[in-house]
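Novice: I have a structure here, written as structure tokens, and I will follow up with some questions on it.
Every number here is computed from the coordinates shown, using simple stated rules; none is lab data. What you see is a predicted model, and the numbers here were worked out from it, not measured in a lab. All Cβ positions, glycine included, derive from the backbone under ideal geometry; neighbour counts span all protein chains shown.
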Amino acid sequence: MFRFALTRIAMALPTLLIVAVSVFVLIRLIPGDPAQLMLGDLATPASLADLRARLGLDQSLPVQFGIWIGNVLTGDFGRSISSQEAVLPLILQRFWVSAQIVLVAVLLASLVAVPAGVIAAWKQDSALDLGLVASATLLLSIPTFWLGLLLLLFFGLKLEWLPVVGYVSIAENPWAGILYLVMPIMTLFLHEIGVILRMARASTLEVLRLDYITHARAKGLGEAAVLWRHAFKNAFGPTWTLIGLVLGNLLGGIAVVETVFTIPGLGRLLVDAIFARDYPVIQGCMLFVAFTYVLVNLVIDLCYPVFDPRVTAQ
């Protein structure tokens, strides 16, 4: 187990380095001068040259990358051009808002979709199976922003059960904070049910066709025991991988949902920074999202031996 963990961590480090280089290069390809943007149109050539020197923009690209990655390793992501706030605390503050929505939505979707997918595979080609697959396909076909707007229209405007615009932190007012998060969580929950259910069903169908399942049935085991004690554990591996991918994608990609519901999360911060051409925030958000994605998938890999003991032998 320890060797397996070290191998997975060692594989993640080059990925993080490649991500850092990619983020650095992409930001440098954006047209415009960061120093000119920070000082405005009335800046003098002398002040521009002084700021470029302080930011290291007058150095070669390898030197700039070395300075930047050295600062990142010490927790210094720079300061926002528009608000002059430190980038890392700003990202962490917004990330907590996004994480509340994503973690709860993925957890609820997994608790519903995984058993539903297993049962659909068990009842293959039955009315229950066809209904679950049709429902999953329908939920997958609806874009998240459209689903969010439908929820706003029905629960917010028509029934007036939930607040439509704004955000309140759970730390400030727990009940109001929960009400503001219900519809964003519901939007992602409904969409991800379709993704996870289809994978759980496909994985279970593949396992149910294996010889050891036939042998278990031949020994006289009941269908419930065959399904949950023998098939489920082996079928859950691919679904667990998909849940990790979904979680990583949503943690960095819920800008659309946050925009629909005016939630000040990490995705909304990145979108606002792009419109404001706030290069330090854009660079910090991209690096943080990529790091989070790699970290989530590393945790998913490290959990694999819990579901399949054969993994430790690899």
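Novice: Expressed as a fraction of 2.2 N^0.38 Å, the rule-of-thumb size for a compact globular protein of N residues, what is the C-alpha radius of gyration of segment 89-265?
Specialist: My calculation over the Cα atoms of segment 89-265 gives 1.21.
Novice: Relative contact order of the chain: what whole-number percent is it, with Cα pairs under 8 angstrom and at least 6 residues apart?
Specialist: Relative CO of the chain lands at 26 percent.
Novice: Compute the relative contact order of segment 89-265 as a whole-number percentage, counting only Cα pairs closer than 8 Å that sit 6 or more residues apart in sequence.
Specialist: 37 percent
Novice: So what is the relative contact order of segment 215-293, in percent, for Cα pairs below 8 Å that sit 6 or more residues apart?
Specialist: Relative contact order comes out at 24 percent.
Novice: Taking a ≥ b ≥ c as the square roots of the eigenvalues of the Cα gyration tensor of the chain, is the shape rounded (a/c under 1.5), prolate (a/b larger than b/c) or oblate?
Specialist: It comes out oblate by the Cα gyration axes.
Novice: In deg cm²/dmol, rounded to 500, what helix-only [θ] at 222 nm does the chain give when every DSSP H run of at least 4 residues adds -39500 (n - 2.57) and the total is split over its residues?
Specialist: After summing the helix terms and dividing by residue count, I get -24500 deg cm²/dmol.
Novice: Determine the principal axes of the Cα atoms in segment 133-212, then give the extent along each, sorted from largest to smallest and rounded to whole angstroms.
Specialist: Projected onto its principal axes, the Cα set of segment 133-212 covers 56, 27, 17 Å.
Novice: To make sure I understand the rule: partners must be aspartates and glutamates, Cα under 15 Å from the Cα of residue 123, and not fewer than 8 residues away in the same chain. Which ones qualify?
Specialist: 206, 223
Novice: Enumerate the helices in the chain for which the Kyte-Doolittle hydropathy averages 0.5 or more and the C-alpha atoms extend at least 24 Å along the helix's axis, using complete DSSP H runs.
Specialist: Correct list, ordered by number: 2-28, 87-122, 174-208, 232-253, 279-307.
Novice: What is the spin-label model distance, in nm, from residue 149 to residue 164 if the labels are put 7 Å beyond Cα along the C-beta direction?
Specialist: 1.4 nm
Novice: Could you point to the residue in 230, 199, 259 farthest towards the positive end of segment 89-265's charge dipole, with +1 and -1 charges on the Cβ of Lys/Arg and Asp/Glu respectively?
Specialist: Of the options given, the answer is 230.
Novice: Ok, one more. Which distance in Å, rounded to a whole number, links the C-alpha centroids of segment 168-222 and segment 53-93?
Specialist: 40 Å
Novice: Follow-up question, since we're still on this one. Under 5 Å between amide hydrogens, which residues at least 5 positions from residue 77 or on another chain qualify, with H placed 1.01 Å from N in the peptide plane?
Specialist: Long-range HN contacts for residue 77: 87, 88.
Novice: Right, here's the next one. For residue 178 and residue 134, compute 0.36 nm times the residue count separating them, minus their Cα-Cα distance, and round to one decimal in nm.
Specialist: Details: separation 44, 0.36 × 44 = 15.84 nm, distance 3.08 nm.
Net length gain for the segment: 12.8 nm.
Novice: Farthest toward the dipole's positive end in the chain, which of 21, 132, 101, given Cβ charges of +1 (Lys, Arg) and -1 (Asp, Glu) about the Cα centre?
Specialist: The one lying farthest along the dipole's positive direction is 132.
Novice: Between residue 259 and residue 217, how many nm apart are label points set 7 Å from Cα along the C-beta direction?
Specialist: Here the modelled spin labels are 5.0 nm apart.
Novice: May I pose another question? Per the Kirkwood formula on distinct C-alpha pairs, the Rh of segment 183-247 is how many angstrom?
Specialist: On the way: mean 1/r = 0.0769 Å⁻¹.
Here the Kirkwood hydrodynamic radius works out to 13.0 Å.
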